[in-house]
Amino acid sequence: MVGYLPGEMPQWGGLRGRDVVAYVGGLRGGVDAARVKSLAERLDLDLGRRYRLYSSGNKRKLGLVLAFMHPSRLLVLDEPTNGLDPLIQQEFYRLVEEEAAGGGTVFLSSHVLSEVERACQRVGILRQGRLVQVARLDELHHLRYHRLEADFSGEVPVEAVRALAGVEDVTVEDHHLSCAVRGGFGPLLEVLGRGPITNLVTHEPTLEEVFLAYFRDQEAPAVTPAGKA
Amino acid sequence: MTAVPAASSHTVSLAGGRSRDGVVTTVRYGLRAHRWAFAGVAFLGFVSPYASGASYLAAAGTAAARATFGRQTIALGPQLAYLIPLPLRPDTVPGYLWWKGLTWLTLVFAAWGLAAATGLIRNEEERGLLETWLASPLGRTRLVLARVAAFTLAAAGAVVFAGLGTAAGVASGKASVGLGSLVEQGLPLLGITLVCFGVGLVAAQLATTRRGALGLGGVVLLALYVLDAVARVNPGLDGVAAISPFHLTDLTTAIVPGGQFDGGATLALYLTAAVLIVLATAAFRERDLMGGLLRGRVTGTPVVHSPSGNPLLRLPVLRNLWQQRLGLIGWVVGTMVGAGLIVSLARSTGKLLASVSGFNRFVQSAGTSSAATAVVSSVWLSIAALIVAAYAITQTSHWASDDAEGRLEMEIAQPVPRWAVVAERCATLLVGALVMMALGSLVTAAIAPGQGVHVDTGRLVVAAGLLTLLALSFGAIGALVIARFPRVAVPVLGVVAVASFYLPLLAPLFRWPGWSLNLSLFHLYGTPLTTGIYWTGLWVMVAIVVVGFGGAMAAIRVREVGR
């Protein structure tokens with residue numbers, strides 16, 4: 001069974017929320033009233049109001065109730081948190097975690113990368129309608145580059161750094177060096193260690209930066225089989 | 001200091017230019033929104049008077065026949081006064097055309113005005129478009145005025161087509177009418193269309209939904225129409241009837257020989273339209289978006305977290321009928337009232353028709369010696385055929401909006417098999433049409449004996465069944481088109497209905513081959529009450545239903561669903 005939340009909610013006109021639930025539930029032969037009640041309470045949704053009077057956030061909540069109200073092995077959620085306030089978003093993440101913990105698969109499409117980091121275990125990146133990357137979230141973190149910042153009290157070994165494989169986007173301002181590193185840090189640290197280094201900071205880019213890096217790259221790789229990513 | 005006025009002047013000019021651009025764009029958008037309705041109304045506007053004029057010669061070819069036809073039609077007029085004005089000079093082509101062609105065309109234009117106004121404002125509001133328009137520098141007043149301008153242009157264009165159809169109809173009856181008379185006759189037609197647009201516009205500010213506005217405006221116009229009709233048979237009510245735009249329109253008979261152009265009445269129509277538009281604009285400025293001026297008292301209601309316990313929402317077919325219950329009740333009541341009204345008048349109307357030589361052909365074509373039964377067969381059941389066709393078209397419109405508004409996507413995601421969606425639509429249409437026709441037939445069977453009209457019960461049941469099949473035929477064509485091209489399904493079905501209506505009228509006039517009549521769905525239905533089942537028609541309709549819905553089930557499986 002599949003639970004589905006469309007990107008744009010259907011128009012249900014003058015039907016009340018409870019009627020929409022009964023109608024969509026009826027398409028599968030019925031709905032568990034207790035489950036609906038629990039979902040509506042958790043999402044703080046009044047099912048007694050007419051659909052056309054719902055705010056966009058309430059319409060989204062109703063969509064979530066419709067998606068989660070049946071036991072599903074697969075949930076397909078398109079932009080699920082659009083219009084939801086932060087508290088309800090947290091409740092949504094808990095619902096996703098419960099589904100995943102129960103053995104279900106949640107397929108979540110989102111442009112909000114923090115949401116993807118928060119809710120997903122595996123990530124697929126679409127570019128121009130093609131799947132350009134599929135990986136577990138931690139694998140994607142592993143694949144991605146790190147930014148490194150270093151301060152020197154004397155001359156910066158910039159040429160030696162630029163000559164290293166896997167080191168990109170090298171900039172130097174006064175005695176401050178900044179670069180991106182793909183792969184291991186060993187060769188870079190060896191070169192940096194030759195200079196009078198006073199400070200060294202590295203930080204992981206966010207998923208958003210990884211995502212942007214993919215889009216900057218005009219020669220993005222073709223589909224990477226999920227199993228190998 | 002010198003820079004300030006320059007900058008200020010530049011800013012004002014720019015704002016004015018933008019505003020003008022916005023108005024022009026909005027007018028163009030409005031014209032685009034009206035294009036399909038315009039095409040339909042303009043087509044009817046041309047064909048209706050043309051067909052009336054062209055058929056006149058068949059009814060009364062010689063001067064003597066025209067004189068007799070005129071006298072008999074004058075005698076018939078009061079029987080139909082509740083529906084259309086009393087005839088004027090029906091012994092002439094323009095007189096007959098005014099009476100038979102233009103008076104009901106007024107209703108078409110009136111309905112268009114109402115539907116256009118409620119649709120433009122409320123429909124756009126429900127779809128969230130109005131917020132976008134208002135977010136532009138345009139503003140509410142200019143928006144309404146631009147909408148009015150667009151509709152006025154479209155309506156004027158349709159009136160021109162009606163004028164052309166009138167001229168062509170008169171010419172086909174070997175008579176003539178002056179350009180001035182045509183213009184004078186067209187002015188009140190445009191006027192009443194704008195009045196109805198104004199009524200719809202005001203209703204759209206009062207109600208909160210498009211349907212509500214359409215219902216409210218429809219009730220108001222129906223009351224004004226009934227007032228005019230009652231005044232026709234009760235001359236003492238003439239003074240009161242002056243508030244009815246239908247009455248004011250009837251007062252102009254410019255194309256009728258010896259007729260008149262009532263400038264005062266026509267001016268009153270335009271002033272009424274202007275007042276209504278001003279009122280609607282003022283109301284629009286005052287109300288909230290998605291709200292109406294008519295608001296019920298807001299009361300605290302308990303929060304509900306449980307699904308509806310209504311079992312009908314869980315059952316196939318019934319869940320659709322439940323959602324459409326108010327509309328379906330309207331269709332059923334309308335069908336029953338129509339049946340009751342016409343059957344109760346069948347005896348007296350039939351008696352009169354039998355005595356009018358020009359209408360003898362009508363009685364003969366019904367295939368019965370009883371004129372009253374002929375009225376039930378050829379008038380009531382023909383109207384019932386139009387009713388089920390209109391019902392099928394509204395169902396098709398509903399199916400198309402299921403697709404456009406995302407409900408179909410939601411259904412097939414549950415997952416409901418796509419073929420099952422089509423099958424359920426077919427069954428819903430079947431049940432809805434069957435209920436309408438069954439109750440309409442029940443009223444017919446109940447009233448007819450009391451009026452001394454013989455109606456064979458078995459044949460009445462068959463007629464009702466065939467009307468249901470007719471509804472399914474329209475629905476099958478709609479379903480087939482929707483399966484591939486949902487956006488154009490309703491216009492296509494409208495063309496099929498109009499062509500089916502006019503084909504039996506035009507084919508004899510132009511001596512088209514007999515088989516061409518079978519292209520008309522209404523002809524395929526036949527006259528089962530008096531002549532029995534038209535078997536060719538029955539099998540063709542069955543084939544249409546099978547191919548239409550079967551094809552729709554196959555086609556919907558392979559197409560992309562979504563907006």
**Study point:** Criterion (within 19 Å of B:L189 (Cα to Cα), exposed (fewer than 15 other Cβ atoms within 10 Å of the Cβ) and either modelled with pLDDT of 85 or more or not aliphatic (A, V, I, L, M) (or both)) met by exactly one of B:V226, B:V256
**Key:** B:V226
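Mind checking which helices (runs of 4 or more DSSP H) fall wholly inside the range B:237-335 and carry at least 2 residues that are over 26 Å from the mean Cα position of the chain (by Cα) and in contact (Cβ under 8 Å) with a residue 12 or more places away in the chain? Before you say what the answer is, go through the steps one by one.
On the way: elements: B:238-241, B:245-250, B:263-286, B:318-323.
Helices (runs of 4 or more DSSP H) meeting the threshold: B:263-286.
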Exercise for review: Report yes if some residue within the range B:400-412 is on the phi > 0 side of the Ramachandran plot and within 14 Å of another protein chain (Cβ to nearest Cβ); otherwise report no.
Suggested key: yes
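Quick one: which residue in B:L429, B:L434 is surrounded by fewer than 22 Cβ atoms within 10 Å (Cβ to Cβ), assigned to a helix (DSSP H, G or I) and modelled with pLDDT of 95 or more? Please lay out each step first, then the result.
Numbers: B:L429 fails: surrounded by fewer than 22 Cβ atoms within 10 Å (Cβ to Cβ).
Every option except B:L434 fails the conditions.
I'd like to know if the range B:130-143 contains one or more residues that are part of a helix (DSSP H, G or I) and within 14 Å of chain A (Cβ to nearest Cβ).
Of the range B:130-143, the ones part of a helix (DSSP H, G or I) are B:130-135, B:140-143.
Adding the requirement that they be within 14 Å of chain A (Cβ to nearest Cβ) leaves B:130-131.
For the range B:130-143, residues part of a helix (DSSP H, G or I) and within 14 Å of chain A (Cβ to nearest Cβ): present.
Could you run through the range A:117-166 and say how many residues are more than 30 Å from A:V106 (Cβ to Cβ) and hydrophobic (A, V, I, L, M, F, W, C)? It would help to see each step written out before you state the result.
Step one: of the range A:117-166, the residues more than 30 Å from A:V106 (Cβ to Cβ) are A:147-166.
The next check asks that each one be hydrophobic (A, V, I, L, M, F, W, C); those that pass are A:148, A:150, A:152, A:156, A:158, A:160-161, A:163-165.
Summing the residues that are more than 30 Å from A:V106 (Cβ to Cβ) and hydrophobic (A, V, I, L, M, F, W, C) in the range A:117-166 gives 10.
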Exercise for review: Look at B:A58 and say whether it is farther than 25 Å from B:V233 by Cα and buried (at least 20 other Cβ atoms within 10 Å of the Cβ).
Suggested key: no
Practice item. Those residues that are under 26 Å from B:V41 (Cα atoms) and among the small types (G, A, S), I need them from the range B:122-154; list them, please. Key: B:A146, B:A149, B:A150, B:A154
Revision key, fill the gap. Within the range A:1-41, the residues that are part of a helix (DSSP H, G or I), under 21 Å from A:G103 (Cβ atoms) and of a type outside the set (S, T, Y) are A:A34, A:R35, A:L39
**Study point:** Residue check, A:V112 of a type in the set (A, V, I, L, M, F, W, C) and either buried (at least 19 other Cβ atoms within 10 Å of the Cβ) or in contact with a Lys or Arg (Cβ under 8 Å, 6 or more places away or on another chain) (or both)
**Key:** no
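Can you name the residue in the range A:27-48 that is of a type in the set (K, R) and more than 8 Å from chain B (Cβ to nearest Cβ) and, of all such residues, is surrounded by the most Cβ atoms within 10 Å (Cβ to Cβ)? Quick ask: steps written out before the conclusion?
Of the residues in the range A:27-48, the ones of a type in the set (K, R) are A:28, A:35, A:37, A:42.
Now drop any that are not more than 8 Å from chain B (Cβ to nearest Cβ), which leaves A:35, A:42.
Numbers: A:R35: 16, A:R42: 18.
Only one residue fits best here, namely A:R42.
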Review point. What number of residues within the range B:298-335 are among the small types (G, A, S) and more than 8 Å from chain A (Cβ to nearest Cβ)?
Key: 4
Check your understanding: Using beta carbons and a limit of 6 Å, which pairs, at least six apart or on different chains, have the first residue in the range B:154-180 and over 28 Å from B:L120 (Cα atoms) and the second one at pLDDT below 90 and not in a helix (DSSP H, G or I)?
Key -> B:V170/B:V177
Exercise for review: Write out, first by first residue and then by second, each pair whose Cβ atoms fall under 9 Å of each other, whose residues are 6+ apart or on separate chains, and whose first residue, in the range A:99-113, is closer than 14 Å to A:I125 by Cβ while the second is assigned to a helix (DSSP H, G or I) and at pLDDT 90 or above.
Suggested key: A:L108/A:V96
Check your understanding: Among the candidates B:S377, B:S397, which residue alone is of a type outside the set (D, E), touching a helix residue (DSSP H, G or I) at 6+ places or on another chain (Cβ under 6 Å) and within 14 Å of chain A (Cβ to nearest Cβ)?
Key -> B:S397
Check your understanding: Has the range A:59-68 got at least one residue that is more than 11 Å from chain B (Cβ to nearest Cβ), over 30 Å from B:R211 (Cα atoms) and part of a helix (DSSP H, G or I)?
Key -> yes
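From the list A:R94, A:R118, A:R16, A:R122, pick out the single residue that is of a type in the set (K, R) and within 14 Å of chain B (Cβ to nearest Cβ). Break it down into steps so the answer makes sense when it comes.
Numbers: A:R94 fails: within 14 Å of chain B (Cβ to nearest Cβ); A:R118 fails: within 14 Å of chain B (Cβ to nearest Cβ); A:R122 fails: within 14 Å of chain B (Cβ to nearest Cβ).
After ruling out the rest, the residue left standing is A:R16.
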Review point. What is the number of the single condition among (1) more than 11 Å from chain A (Cβ to nearest Cβ); (2) closer than 30 Å to A:L39 by Cβ that B:A273 does not meet?
Key: (2)
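The values are calculated or read from the model by the stated rules, or taken from the named source; none is laboratory data. Computed from a predicted structure; not experimentally measured. Don't worry about glycine lacking a Cβ; one is built from the backbone with ideal geometry, like all the others, and counts go over all protein chains shown.
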